[in-house]
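Structure, as structure tokens:
The values are calculated or read from the model by the stated rules, or taken from the named source; none is laboratory data. The model shown is predicted, which means the values in this text are computed figures rather than measured ones. Backbone-built Cβ (ideal geometry, glycine too); neighbour counts: all protein chains shown. The protein model used for the area step is the full one, side chains on, heavy atoms only, and it has no ligands, DNA or RNA in it. Shrake-Rupley method; radii C 1.70, N 1.55, O 1.52, S 1.80 Å.
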Amino acid sequence: MFSIPFENQYVTLGEGFFARTRPTPVSDPVLIRFNHDLAEKMNLDTVDVARDQLAQWFSGNQVPEGAEPLSMVYAGHQFGHYTPRLGDGRAILLGEVIGQDGQNYEIQLKGSGRTDYSRNGDGRSPLGPVLREYLVSEAMYYLGVPTTRSLAVVSTGDAVYREEILPGGVLTRVARSFVRVGTFEYHARRSDQEGVKKLADYVIGRSFPELSESENPYLALLETVIERQALLVAKWMQFGFIHGVMNTDNMSIVGETIDYGPCAFMDGFAINRVFSSIDQQGRYAYNNQPGIALWNLARFAECLALAVDSEVGAAVEAVRPVLEKFQALYERAWMAGMQAKCGLVRKKRNATPSQDLLIKDLLSLMHECSSDFTIVFYELSRLSDQAEKQDHEFLKQFASNQYAASDWLVKWRAALSAMGIGQKQRQSQMQSVNPVYIPRNHLVEAAIRSAEDHGDFSAFHELHEVLKAPFAEQKGRQEYQSPPNPEQEVKQTFCGT
């Protein structure tokens, strides 16, 4: 008989870190999607398990043997304001398994009912946000962006009451760790230094065991988290992704994208673009994301400071230079990625001043013309080293200033010539990092509307299949590449809680 080979570690931290919680059963669970590829990677042999049984487990109706369900407690800065007790208000951690790669995979149900941290919430999720997170998180994985992943979607057969009555859903999501900056804040802001050290030791032992040999493991942990966040946010920026709610409780310690609420990929480029309906001041706008990441990391540094050194002054002196590394790490990662997108890759991968300016000039021009972020780089990757008719498709993205775009192409080709990289090699490299398909907002919304309004999941399934191969053109799927018509444009995205 199939069983999940749980090897739970978070429970060893003790009751001060979580509350034991069981999922609340639903009336009619139906499995909408199960990620067999991810299950195999996690060492879950589910091939012969009936869909009805999977629906029972991943709705929360049945708790698999070996699971130790719990809801994690954490705090967090939300839009800059500290909330001392948040926690998993609608998520329940079942446990963790060791995958084929030897890595830990934590399994969590989202939308599975009330917990000790639900406050006035019902602990449920409408089906739409569940479908959105499945599509976008899996798309991020195939784009090569560190992310939590989605294992299953189940419809519940129960209504969820928000501004309107909506069908309910449960998402099973998977992470290397669900520990967040806010998890550390919960203990640090209570002056619970023992709790901070206990949590840090757990994270080091479980996720970064190599750090235990460092001269100061807590300082090494800070440095590792900073590096991972710099690389992560650089990836977001290179794909035009806006997280939407970069609160400290939504920042993963292991550097994965987590909590896909009002997130979005840009169509028309605007440097200060905001989609989130709750981000009224633009705190988490596209161009603010690197700065907010650093702000959040400063909060993490505050949590670890007294673990790094018990004397405050010495602790500050130790963590400050580590925090100051973020900007250089981010800029190096961002520029390396943008070089690759523009085909300006040298062996040493260091941008020259002229390359740096060329890339920034392109983004300024895209902002001025509201050019489609994804299509600009897709069309650029198809251009030859010499001016030709095909330039027209690239220039179309700069309708309000094609003269400046033509001038930019001249400079770009001069830079290519100076590098001496063969055209085929350069095009192949560019096409390996510039996607043809992203989870465009209007396509995701159309899939959600079809599912919620009509019980038709065909658009959801087909979009998911397209997004599994984002860098290769797929015959007959031009509609998945195209930007929205004006009446299709999605201008706001919502949290879903």
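Laid out as a table, the results:
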{"quantity": "Taking N as its residue count, the alpha carbon Rg of region 438-497 over 2.2 N^0.38 Å", "calculated": "1.16"}
{"quantity": "Scattering curve values for region 427-467, log₁₀ I(q)/I(0), Debye with Cα scatterers, q = 0.15, 0.21 Å⁻¹", "calculated": "-0.43, -0.64"}
{"quantity": "With DNA, RNA and ligands ignored, accessible area of His36 (1.4 Å probe; Å², nearest 10)", "calculated": "90"}
{"quantity": "Distance histogram in 5 Å bins (all Cα pairs of region 94-160, percent per bin)", "calculated": "3, 14, 19, 22, 21, 12, 7, 2, 0"}
{"quantity": "Value of Rg/Rh across region 385-451 [Cα atoms, Kirkwood radius]", "calculated": "1.13"}
{"quantity": "Accessible-area composition of the chain, carbon plus sulfur, in percent [1.4 Å probe]", "calculated": "49"}
{"quantity": "With Cα atoms, 0 to 90° folded angle of helix 402-419 axis to the chain main axis", "calculated": "90"}
{"quantity": "Euclidean distance between Cα centres, region 403-418 to region 140-218, Å", "calculated": "45"}
{"quantity": "Rounded, prolate or oblate (a/c below 1.5 giving rounded, otherwise prolate when a/b exceeds b/c) for region 289-364 by Cα gyration tensor", "calculated": "prolate"}
{"quantity": "Reach of Lys424 by Cα under 29 Å, taken over lysines that are not fewer than 8 positions away in the same chain", "calculated": "Lys235, Lys341, Lys347, Lys348, Lys360, Lys389, Lys396, Lys411, Lys468, Lys475"}
{"quantity": "Loop GluC sites (Glu not before Pro), region 197-300, which have at most 12 other Cβ atoms in a 10 Å radius of their Cβ (DSSP)", "calculated": "Glu215"}
{"quantity": "Spatially proximal lysines relative to Lys197 (Cα-Cα < 26 Å; intrachain offsets below 8 disregarded)", "calculated": "Lys325"}
{"quantity": "Area of Tyr82 that stays accessible when all protein chains are in place (1.4 Å probe, Å², to 10)", "calculated": "60"}
{"quantity": "For region 1-86, alpha-carbon Rg over 2.2 N^0.38 Å", "calculated": "1.36"}
{"quantity": "Cα long-axis angle, helix 373-382 against the chain (0 to 90 degrees, to the nearest 10)", "calculated": "50"}
{"quantity": "Cβ charges +1 (Lys, Arg) and -1 (Asp, Glu), total dipole of the chain, debye", "calculated": "960"}
{"quantity": "Percent of Cα-Cα distances greater than 29 Å, calculated over region 1-152", "calculated": "16"}
{"quantity": "Region 350-400, dipole about Cα centre (Lys/Arg Cβ +1, Asp/Glu Cβ -1), debye to the nearest 20", "calculated": "40"}
{"quantity": "Dimensions (Å) - region 209-305, Cα atoms, principal axes, largest first", "calculated": "48, 23, 19"}
{"quantity": "P(r) histogram, all alpha-carbon pairs of the chain included - 10 Å bins from 0, percent", "calculated": "4, 19, 28, 26, 16, 7, 1"}
{"quantity": "Accessible-area ranking of Ser276, Ser428, largest first, probe 1.4 Å", "calculated": "Ser428, Ser276"}
{"quantity": "For region 327-410, projected area of the alpha-carbon convex hull averaged over all directions, nm²", "calculated": "5.7"}
{"quantity": "Structure-based [θ]222 nm, the chain - -39500 (n - 2.57) summed over DSSP H runs of at least 4, per residue, nearest 500", "calculated": "-13500 deg cm²/dmol"}
{"quantity": "Segment Lys360-Tyr82, length gained on full extension (0.36 nm per residue, minus Cα span)", "calculated": "96.5 nm"}
{"quantity": "Among Ala446, Phe494, Leu467 the positive-end extreme of the charge dipole of region 434-497 (Cβ point charges)", "calculated": "Leu467"}
{"quantity": "Per-residue SASA entry for His367, accessible area with 1.4 Å probe, Å² rounded to 10", "calculated": "80"}
{"quantity": "Degrees between helix 127-143 axis and first principal axis of the chain (Cα, 0 to 90, nearest 10)", "calculated": "60"}
{"quantity": "Rg/Rg_globular for region 381-497, with Rg_globular taken as 2.2 N^0.38 Å and Rg from C-alpha atoms", "calculated": "1.36"}
{"quantity": "Binned Cα-Cα distances of region 102-261, short to long, each 10 Å bin given as a whole percent", "calculated": "10, 34, 34, 19, 4, 0"}
